[in-house]
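Q: Pasting in a structure now, in structure tokens, and then I'll have a few things to ask.
The values are calculated or read from the model by the stated rules, or taken from the named source; none is laboratory data. In this text, all values refer to a predicted model and were calculated from it rather than measured experimentally. Heads up, the Cβs are rebuilt from the backbone with ideal geometry, glycines too, and the neighbour counts pull from every protein chain shown.
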Amino acid sequence: MGDKQVLLDNIDKIHTTKLGVERIMRNLSINTEDVVSYCKNMILDKRCHIYKRGKNWYCEIDHIKITINSYSYTIITAHII
């Protein structure tokens, strides 16, 4: 099974912390009630480039990069690239 499929198979485990929500909203300049769903939708998009380096997953789509811890499935941050 490829790295990308491992993340997609565990999409329901993806979450973040309260500080993570604030950081993601600030970094992406978004105002949404559900940051985790917003990120999951981007990750599930067929155009999303998903790869793993070290302990983190990286998901890149539409000039946005989402960083997810590969052990806990916690969204660490998201940035405009």
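Q: Tell me which residues, restricted to region 22-52, are within 16 Å of SER72 (Cβ to Cβ) and out of contact with any Ser or Thr (no Cβ under 7 Å at 6 or more places or on another chain).
A: If the condition is that a residue be within 16 Å of SER72 (Cβ to Cβ) and out of contact with any Ser or Thr (no Cβ under 7 Å at 6 or more places or on another chain), then CYS39, LYS40, ILE43 are the ones that fit.
Q: Then there's this: Would you check which residues across region 43-81 are over 15 Å from GLN5 (Cα atoms), in contact with a helix residue (DSSP H, G or I) (Cβ under 7 Å, 6 or more places away or on another chain) and not β-branched (Val, Ile, Thr) and list them?
A: If the condition is that a residue be over 15 Å from GLN5 (Cα atoms), in contact with a helix residue (DSSP H, G or I) (Cβ under 7 Å, 6 or more places away or on another chain) and not β-branched (Val, Ile, Thr), then ALA78, HIS79 are the ones that fit.
Q: Something else: Scan GLU33, GLU60 and give me the residue that is modelled with pLDDT under 95 and not basic (Lys, Arg).
A: Selected residue: GLU33, the only one of GLU33, GLU60 that is modelled with pLDDT under 95 and not basic (Lys, Arg).
Q: Can I ask one more? Tally the residues that are under 15 Å from ILE14 (Cα atoms) and either among the aliphatic types (A, V, I, L, M) or part of a strand (DSSP E or B) (or both), restricting the search to region 53-81.
A: Summing the residues that are under 15 Å from ILE14 (Cα atoms) and either among the aliphatic types (A, V, I, L, M) or part of a strand (DSSP E or B) (or both) in region 53-81 gives 13.
Q: For region 1-35, which positions are assigned to a loop (DSSP other than H, G, I, E, B), of a type in the set (Val, Ile, Thr), touching a residue at least 12 places away in the same chain (Cβ under 8 Å) and more than 16 Å from LYS65 (Cα to Cα)?
A: Within region 1-35, THR17 is the sole residue that qualifies.
Q: Could you look through region 60-73, keep only residues that are among the hydroxyl-bearing types (Ser, Thr, Tyr) and in contact with a strand residue (DSSP E or B) (Cβ under 6 Å, 6 or more places away or on another chain), and pick out the one that is nearest to HIS49 (Cα to Cα)?
A: THR67
Q: Sticking with this structure for a sec: Do we find a residue being part of a loop (DSSP other than H, G, I, E, B) and of a type in the set (Ser, Thr, Tyr) anywhere in region 36-45?
A: no
Q: Scanning for something on the phi > 0 side of the Ramachandran plot, among the aromatic types (Phe, Trp, Tyr) and surrounded by 15 or more Cβ atoms within 10 Å (Cβ to Cβ), does region 68-80 turn up at least one residue?
A: Yes - at least one qualifying residue is present in region 68-80.
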